[in-house]
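For reference, the structure is listed below as structure tokens.
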Amino acid sequence: MQIVKLVSRLLASHYRDQPQLAQSQAYAPSNIALSKYWGKRDTKLNLPITGSLSISLAKHGTQTQLKPIDDANHRIYLNHKLVEPTTPFAHKVVTWLKWVLPAGLVLEVKTYNSVPTAAGLASSASGFAALVQATNRLMGWELPDKKLSILARLGSGSACRSLWHGFVEWYVGECDDGNDSFAEPLPYVWSQLRLGLLQISTENKTVSSRQGMLHTVQTSTLYKKWPDQTTTDLRQIRSAIVAQDFEALGATAERNAMTMHATMMAAWPPLVYWKPESVATMHQVWDLRRQGIPVYLTMDAGPNIKLLFLKQDQVVLQDIFNQLQVVAPFQP
Ligand code: 2P0
């Protein structure tokens with residue numbers, strides 16, 4: 001009910017009872033948080049306990065096409081395959097569409113991911129961000145970015161950060177209705193910054209981020225330390241971006257990710273997304289730092305590792321990690 005009210009307030013004078021186009025499409029990049037979102041103060045509205053700050057993954061993301069169809073149910077395709085309506089993925093998409101579309105409007109949703117789904121590379125973020133923008137175009141809403149970000153947040157929290165390229169900050173907000181919890185791009189370009197994706201596993205995870213963060217908030221004694229720590233980290237990361245201080249950025253982002261995982265390990269039963277290969281890779285990264293190569297790591301709710309480094313070290317790191325997928329976040 002709360003969501004229906006919020007959505008009708010967001011759409012208000014933008015609401016249209018018919019699509020304004022025959023079809024629409026949109027692209028949104030995936031994003032990796034440098035200071036993480038882990039824990040909600042409202043699970044229905046996806047309101048976070050803290051703010052977070054991310055970097056978008058340029059060409060790694062989701063392309064979504066929408067077309068009204070004459071059918072009883074929405075039809076959803078993921079990477080050319082029809083998705084069973086009973087899957088959690090279809091359920092999340094259909095639920096969101098029901099909140100925002102006029103009754104009776106049924107869509108074909110074709111979505112293509114260039115990131116592995118559910119392998120900790122945040123495909124739900126780019127997925128909902130692309131869906132929100134494609135819907136905005138199809139319906140001719142012409143919503144301002146803040147409202148689009150809130151609509152994306154209702155689908156998946158981290159999606160509110162995926163509407164832009166580059167650095168993006170999601171403000172925690174204070175209001176119970178969630179109207180002040182949205183993301184905005186930060187006006188800083190860091191052309192030498194690189195991300196490296198190391199895919200440790202593509203298996204579907206058994207505990208979703210949504211379940212994992214709820215479980216951590218409810219059962220982990222270490223979680224009490226998290227809000228203050230990550231709020232300090234976010235501030236330091238923002239300052240490191242402004243000063244282009246790579247060591248400060250890398251060190252703070254790595255510590256933030258490790259602290260988030262420590263809160264999960266202290267949950268009961270413990271929640272450990274890491275695989276043995278994840279830990280082996282961490283040691284490799286720490287050895288490289290001891291050898292003088294400035295490379296840092298971050299991890300999300302999965303076993304995969306993302307490296308942070310500068311362009312000058314790209315060749316040597318590609319030599320060491322031959323599966324490394326390099327992302328230049330500020331190159332078109
Ligand atoms: C982040 N993650 O900041 C953190 C770090 C995973 C670890 O945002 O329940 O899929 O849909 O709001 O957005 C993943 O959580 O969760 C996430 P919901 P979401 O990127």
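Take every Cα pair under 8 Å whose residues are at least 6 apart in sequence, average their separation, divide by the length of the range 193-327, and the relative contact order is 41 percent.
Quick check on the chain: helices-only [θ] at 222 nm, where DSSP H runs of length 4 and up contribute -39,500 (n - 2.57) each and the sum goes over total residues. Nearest 500, please. All intermediate terms of the calculation are to be shown ahead of the outcome.
Details: 9 runs with 122 residues, N = 332.
Calculated mean residue ellipticity at 222 nm is -12000 deg cm²/dmol.
A simple packing score, the average count of other Cβ atoms within 10 Å per residue, orders the peptides 74-87, 39-52, 190-203, 126-139 as 126-139, 39-52, 190-203, 74-87, with the highest score first. Each principal axis of the Cα cloud of the range 223-328 was evaluated for its coordinate range; sorted largest first, these ranges are 42, 35, 24 Å. The alpha-carbon atoms of the range 16-158, seen along their principal axes, cover 44, 29, 28 angstrom, with the largest extent given first.
Among beta bridges identified by DSSP and lying wholly in the chain, the antiparallel ones come to about 90 percent.
In the neighborhood of residue 23, defined by Cβ-to-Cβ distances under 13 Å, what is the net charge if each Lys or Arg adds +1 and each Asp or Glu adds -1? Write out the running numbers ahead of the final one.
On the way: positive: 67, 110, 137; negative: 108.
So the environment of residue 23 carries a net charge of +2.
With an 8 Å Cα cut-off and a minimum separation of 6 or more residues, compute the relative contact order for the range 2-185 in percent. The partial results should precede the final answer.
Details: 404 pairs, mean separation 55.5, N = 184.
For the range 2-185, the relative contact order is 30 percent.
The GluC sites (Glu not before Pro) of the range 125-186 that meet both conditions, a loop assignment by DSSP and at most 13 other Cβ atoms within 10 Å of the site Cβ, are 142, 174.
Fewest neighbouring Cβ atoms within 10 Å first, the residues 162, 24 line up as 24, 162.
In a reduced charge model with +1 at each Lys and Arg Cβ and -1 at each Asp and Glu Cβ, the chain shows a dipole moment near 280 debye about its Cα centre.
Quick one: putting +1 on the C-beta of Lys and Arg, -1 on the C-beta of Asp and Glu, what dipole do you get for the range 193-327 around its Cα centre, in Debye to the nearest 20?
Numbers: 13 positive and 11 negative charges, 62 e Å.
Here the range 193-327 has a charge dipole of around 300 debye.
When the range 193-327 is described by a simple charge dipole with +1 on each Lys and Arg Cβ and -1 on each Asp and Glu Cβ, the residue from 284, 298, 200 located farthest towards its positive end is 298. How much net charge surrounds residue 308 when only other residues with a Cβ under 11 Å from its Cβ are counted (Lys, Arg +1; Asp, Glu -1)? Net of charged neighbours comes to -1. To make sure I understand the rule: partners must be aspartates and glutamates, Cα under 15 Å from the Cα of residue 275, and not fewer than 8 residues away in the same chain. Which ones qualify? Answer for residue 275, where 15 Å is the Cα cut-off: 203, 300, listed by chain and number. Straight-line cross-link partners of residue 98 among the aspartates and glutamates, defined as a Cα under 17 Å from its Cα and at least 8 positions apart when in the same chain: 17, 70, 71, 108. Here's the list of aspartates and glutamates a cross-link from residue 44 could span, going by alpha-carbon distance under 16 Å and ignoring same-chain residues fewer than 8 apart: 174, 176, 177, 180.
The fewest-to-most ranking of 258, 213, 264 by surrounding Cβ atoms within 10 Å reads 258, 264, 213. Under a model in which nothing but the beta-carbon of Lys, Arg (+1) and Asp, Glu (-1) is charged, the range 2-185 shows a dipole of about 260 debye around its Cα centre. Only alpha carbons enter this Debye calculation for the chain, each as an equal point scatterer, and the log10 of I(q)/I(0) it gives at q = 0.07, 0.08, 0.14, 0.15 Å⁻¹ is -0.28, -0.36, -1.11, -1.26. Cβ crowding within 10 Å ranks 259, 219 as 219, 259, fewest other Cβ atoms first.
For the listed residue pairs 5/146; 147/306; 59/81; 5/147, the alpha carbons are over 20 angstrom apart in 147/306; 59/81.
Between residue 202 and residue 180, the modelled labels are 4.5 nm apart [label points 7 Å from Cα along Cα→Cβ]. Modelled spin labels at residue 106 and residue 312, positioned 7 Å past Cα toward Cβ, are 6.0 nm from each other.
All of the numbers you see were taken from the coordinates with simple rules; none came from a lab. Only a predicted model underlies this, so the values are computations on that prediction, with no experimental measurement involved. Cβ coordinates were reconstructed from backbone atoms using ideal geometry, including for glycine residues, and neighbour counts include every protein chain displayed.
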